[in-house]
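Here, each number is a calculation from the coordinates, and none is a lab measurement. Small disclaimer: the values here were computed from a predicted structure and weren't measured. Note that each Cβ is placed from the backbone with ideal geometry, even for glycine, and that neighbours are counted across all protein chains shown.
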Amino acid sequence: MNIAIIGGGSWGSALAITLAKNNHHIKVWEFFQEQADEMQQKRVCKLLPGARLSENIFISHKIEEVLPGSEVVLLVVPSDKVEMTVIKSKHLFSNQPIVICSKGFGEGSQLLSESVQQQVTGNVYCLYGPTHAEEVCQGMFSGIVLAGKEGKERAAIQKALHSDTFHVEVSDDIIGVQLCAALKNILAVFVGVLDGKKLGDNAKAYVITKGLEEIKTIGMKMGAKEETFYGLAGIGDVIVTATSQHSRNRHVGEQVGKGRKLDDVLAEMKMVAEGVTAVKKAIGFKEKLGLHLPLTEGLYQILFEGKDAEEILRNLGGMNP
């Protein structure tokens with residue numbers, strides 16, 4: 001199968017390496033020309049030390065060299081660049097399916113599937129789960145969820161992506177899977193703050209449990225299915241993002257917990273920490289949907305209002321009546 005990957009960062013490159021092992025022809029579009037040239041010539045991705053890009057992976061800065069002729073497109077740019085990227089390149093799309101791998105929201109807290117579907121004629125799917133690029137590119141076992149309309153096309157995409165070490169499950173809950181993927185980053189940042197302040201494992205368990213409930217509250221209000229939040233795309237992604245040393249969202253929180261300013265931490269990062277933006281989006285959901293989200297609001301106060309994490313924890317929840 002001819003697969004186009006839009007975005008040559010760590011996750012886009014890890015997907016390229018993984019799918020190339022399935023004997024697909026992979027073309028990758030990388031925004032920065034210097035990085036695209038280095039990847040094509042040296043067969044490496046500097047964001048994935050030790051990983052090698054096989055010869056059946058073509059990388060280019062010119063998107064017109066990547067999209068035409070593709071049978072499926074994987075969209076792997078940062079979430080705030082998804083809509084702009086699709087709009088600028090939609091004249092190159094035919095009717096092929098598009099699989100969104102970016103975790104976040106579109107403009108005005110719109111789901112990425114909605115904003116992309118407005119621009120293209122092909123079906124839109126999402127691919128999310130507990131999958132750090134650093135492990136996937138090394139062929140370490142991982143599981144992920146392909147969400148979208150059930151049918152022959154989804155089955156074909158699942159078959160193309162699936163391997164012995166990269167298990168692909170399916171779901172028709174495209175709303176719930178997207179909300180889990182975007183909002184779990186909030187929990188990762190919060191857990192990082194707790195790590196930075198050395199507040200212990202008990203506090204982390206509390207935040208993860210209560211945080212997942214808040215994510216589910218938002219999802220159920222928006223039409224998601226409850227079981228999604230207890231599957232790979234839900235609790236699975238929460239676990240790996242909130243506890244792993246690979247997690248850049250957890251790293252951001254940890255640095256803030258150690259007393260550093262958020263802007264300074266973000267400025268030195270090579271990759272995007274989607275959780276910081278997700279906190280703002282979630283606060284928007286709180287107000288728009290009339291929800292009670294004390295943990296999410298607490299993290300917002302820590303990141304943007306300088307509140308102390310220990311004080312926030314003490315004031316979370318309360319005795320049940």
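Structure notes:
- Shape class of the stretch 93-202 from the alpha-carbon gyration tensor: oblate, with a/c at 1.5 or above and b/c at least as large as a/b.
- With respect to the chain, whose longest principal axis is taken over its alpha-carbon atoms, helix 79-89 is tilted by about 30°.
- In a DSSP loop and with at most 13 other Cβ atoms within 10 Å, the trypsin sites (Lys or Arg not before Pro) in the stretch 230-286 are Lys261, Lys270.
- Using alpha-carbon coordinates, inclination of helix 201-221 to the longest axis of the chain, degrees: 70
- Neighbour count of at most 12 Cβ within 10 Å plus DSSP loop: longest GluC sites (Glu not before Pro)-free window in the chain: 151-267
- Relative contact order, whole percent, for the chain stands at 14, derived from Cα pairs under 8 Å and 6 or more residues apart.
- Fewest-first sequence of Thr165, Thr296 by Cβ atoms within 10 Å of each Cβ: Thr165, Thr296
- Of the chymotrypsin sites (Phe, Trp or Tyr not before Pro) in the stretch 16-91, the ones in a loop by DSSP (not H, G, I, E or B) with at most 15 other beta carbons within 10 Å are Phe32.
- Cα centroid of the stretch 280-299 to Cα centroid of the stretch 167-189, whole Å: 18
- The stretch 37-58 and the stretch 105-122: distance between their alpha carbon centers, rounded to Å: 30
- Gyration tensor verdict on the stretch 64-131 (Cα atoms; rounded if a/c is under 1.5, prolate if a/b is larger than b/c, oblate otherwise): prolate
- Put simply, when 15-24, 185-194 are sorted by average Cβ atoms within 10 angstrom per residue, most first, you get 185-194, 15-24.
- Student exercise, the chain dipole from Lys, Arg, Asp, Glu Cβ charges, in Debye to nearest 20: 120
- Helix axis angle, 10-20 relative to the chain longest principal axis, alpha carbon, degrees: 40
- Cα gyration tensor, the stretch 162-321 - rounded (a/c under 1.5), prolate or oblate: oblate
- A simple spin-label model places the labels of Lys198 and Thr121 6.2 nm from each other, with each point 7 Å out along Cα-to-Cβ.
- Order of Phe105, Phe166 under a 10 Å beta carbon neighbour criterion, fewest first: Phe166, Phe105
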